[in-house]
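*Asks:* One structure is given below, represented as structure tokens, and several questions about it will come after.
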Amino acid sequence: MISNFSLIFTLIGVITAPLSFVSCEKDHWAVLVAGSNGFWNYRHQADVCHAYQILRKNGMPEENIIVFAYDDIANNPQNIFPGQIFNKPDGKDVYEGCKIDYKGDDVILDNFVNVLKGDHEKMKGLGNGKVLNSTKDSKVFVYFTDHGATGILGFPQKYLYADDLISNLTYMHKQNMYSELVFYVEACESGSMFQGLLDPALNIYVMTASNAEESSWGTYCYPDDLKDGKHLGTCLGDLFSVNWMEDTDANDILKESLLTQFETVKNKTDQSHVMQYGELKFVDEPIGYFQGNFDPKTIKAILKEKDQNSPIDEIFRDVKIGHKEHKNKQGFWDSFVRSVKEFVFTQQPIYDYKVMNKGSYKSEQDQDDLKYRSSINSRDIKLHYLYTRIFLDNYESPIYQLDLNQELNNRMRVDYVFEHFKNRVNQDPQNKNDIIVPRQSVLPRNFDCLRQLVEAYEGQCGHQMDEYEMQYVRYFVQACEKTEMTEENKSQKIHELREKIIDTCKISF
């Protein structure tokens, strides 16, 4: 008979040892994606490298984690801490040890899809060729952070549409590539990728940064973008993302459940509505199943061998936390316009930034307040970034001033294009009522039409949409969903909508 002391010692070893030993079958996998580039998008790669550090710390083998990141941030000339990336003020370097499998031009949609499908052949010669080698017994975690729009997730070159995403996930299910899959998505309108589309029978649980009709938010932005008293000049993280990762960092991954994490993150992400979709039957499982290498079968076997009852049944918590009332914080763009008007008429400084003293935000409430006060609507982060660079350089950088002017001009042109498109559609005598209503949200279902309108816009206007333009994808969705179409006239109707876009771009650009 083994002594109680020996049993306690054994259990402590199980719980505190590196979790890689717990799962002998290596059935825990992860795909992490930062789909953007550019120093103003610093936060996306910071998020992904932080997520990577979490998975490795919690025992997931390096070979089971696949990372997409452009890798243009750590050694960017604008980075005042070369070779380092930070995901929070005065935080640890998350870039050190962050193994990126697909960099630069390899960060594209097709490669992401082929990795998810486990297609070794198509990934030969790209990056290090890693793909998901998961099985029907695997628990898979996918984390995506980038820009988004209604029914779309951003990638360089071309987008991931919601119907294609669901199709690829369905393929994985049919190929027995997982037992359970958890998908966290940081993007604007990210709820539109799953709402009414994701079948719970796929056994996939999704948590998104926002619902189907609102923006997500960056955080730890200027003036709170500090490391050792120096401003990095960009947002260090995304509000939803840092909330789930800081929650994981602060809690026991064997006790914290998916549901508990959702409720906590929903409560702390007070600028958007964090949502969950898909199969909710396994949300009482620990986050360690997906954000680590925790395998309950092994622990139960050890406990059974010791003739003890498993404590696993007691580790789940169902914490009900009410969602904070949204504070309807004014967006940076609206605030910028208001402040410029004030400056013109009063000649007072546009902003009076006050930085919280280092060490004065030690409590959890202080940290939450810091994240709120330093948060910026994702649509406005590039504008905020350019203004910040000018502010930090004491207006001595003509390049940033020119970039800011160009950004403002581009926004005005984009606003004009889509206002003109809206009017042309609504004034069409074939339409009895207004088709496009600016503040209305409609879920995409006619993806063939949506693709053609996006392609027409980008083909005629000459560039891929940026994060500001992507908010107007909802106009395309409304045009596709509310225009009366039949199988007989569908092609003609889509053609007419395409022509309206093309004519508008010709006038405006």
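*Asks:* Restricting to region 455-479, count the residues that are farther than 18 Å from Asp146 by Cα and of a type in the set (A, V, I, L, M).
*Replies:* Count: 3.
*Asks:* Which condition from (1) at pLDDT below 95; (2) in a loop (DSSP other than H, G, I, E, B) is the one that Ile507 breaks?
*Replies:* (2) is the only condition that Ile507 fails.
*Asks:* Hey, does region 98-111 have a residue that's in contact with a helix residue (DSSP H, G or I) (Cβ under 8 Å, 6 or more places away or on another chain), closer than 19 Å to Leu198 by Cβ and of a type outside the set (A, V, I, L, M, F, W, C)?
*Replies:* no
*Asks:* Turning to a different aspect of this structure: Is it the case that some residue within region 95-103 is assigned to a loop (DSSP other than H, G, I, E, B), assigned by TED's automatic domain parsing to the domain that holds Asp249 and closer than 19 Å to Ser167 by Cα?
*Replies:* The answer is no; no qualifying residue exists.
*Asks:* If I filter region 129-179 down to residues being basic (Lys, Arg) and part of a loop (DSSP other than H, G, I, E, B), which single residue comes out as farthest from Leu197 (Cα to Cα)?
*Replies:* Ranking the qualifying residues of region 129-179, first place goes to Lys130.
*Asks:* Sticking with this one: What number of residues within region 219-235 satisfy the criterion of being acidic (Asp, Glu) and either under 23 Å from the mean Cα position of the chain (by Cα) or closer than 10 Å to Ser375 by Cα (or both)?
*Replies:* The number of residues fulfilling the criteria is 2.
*Asks:* Here is a list: Thr135, Thr145. Which entry is closer than 30 Å to Ser375 by Cα and either touching a residue at least 40 places away in the same chain (Cβ under 8 Å) or in contact with a strand residue (DSSP E or B) (Cβ under 7 Å, 6 or more places away or on another chain) (or both)?
*Replies:* Of Thr135, Thr145, the one residue that is closer than 30 Å to Ser375 by Cα and either touching a residue at least 40 places away in the same chain (Cβ under 8 Å) or in contact with a strand residue (DSSP E or B) (Cβ under 7 Å, 6 or more places away or on another chain) (or both) is Thr145.
*Asks:* Taking the conditions exactly as written (surrounded by 23 or more Cβ atoms within 10 Å (Cβ to Cβ) and either in a loop (DSSP other than H, G, I, E, B) or out of contact with any Asp or Glu (no Cβ under 7 Å at 6 or more places or on another chain) (or both)), does Ala74 satisfy them or not?
*Replies:* no
*Asks:* So, Glu467, is that one within 25 Å of Phe240 (Cα to Cα), acidic (Asp, Glu) and not assigned by TED's automatic domain parsing to the domain that holds Ser210 or not?
*Replies:* Here the answer is yes, as Glu467 does meet what is asked.
*Asks:* Now for a different question. For region 226-242, how many residues are more than 23 Å from Gly38 (Cα to Cα) and part of a helix (DSSP H, G or I)?
*Replies:* 0
*Asks:* Right, next: What tally of residues in region 383-402 results from selecting those that are crowded, with 17+ Cβ neighbours inside 10 Å and not hydrophobic (A, V, I, L, M, F, W, C)?
*Replies:* Qualifying residue count for the region: 6.
*Asks:* Could you pull out the residue among Leu392, Leu370 that is touching a strand residue (DSSP E or B) at 6+ places or on another chain (Cβ under 9 Å), at pLDDT below 95 and under 30 Å from Val265 (Cβ atoms)?
*Replies:* The unique qualifying residue is Leu370.
*Asks:* Hey, another quick one. Looking at Gly154, Gly196, which one is on the phi > 0 side of the Ramachandran plot and modelled with pLDDT of 95 or more?
*Replies:* When all the criteria are applied, what remains is Gly196.
*Asks:* Take the conditions touching a helix residue (DSSP H, G or I) at 6+ places or on another chain (Cβ under 9 Å), within 28 Å of Thr388 (Cα to Cα) and in contact (Cβ under 8 Å) with a residue 60 or more places away in the chain and apply them to Asp224. Does it pass?
*Replies:* Considered against the rule, which asks whether it is touching a helix residue (DSSP H, G or I) at 6+ places or on another chain (Cβ under 9 Å), within 28 Å of Thr388 (Cα to Cα) and in contact (Cβ under 8 Å) with a residue 60 or more places away in the chain, Asp224 comes out as yes.
The values are calculated or read from the model by the stated rules, or taken from the named source; none is laboratory data. The structure displayed is predicted, hence computed values, not measured ones. Positions of Cβ are backbone-derived with ideal geometry, glycine not excepted, and every protein chain shown enters the neighbour counts.
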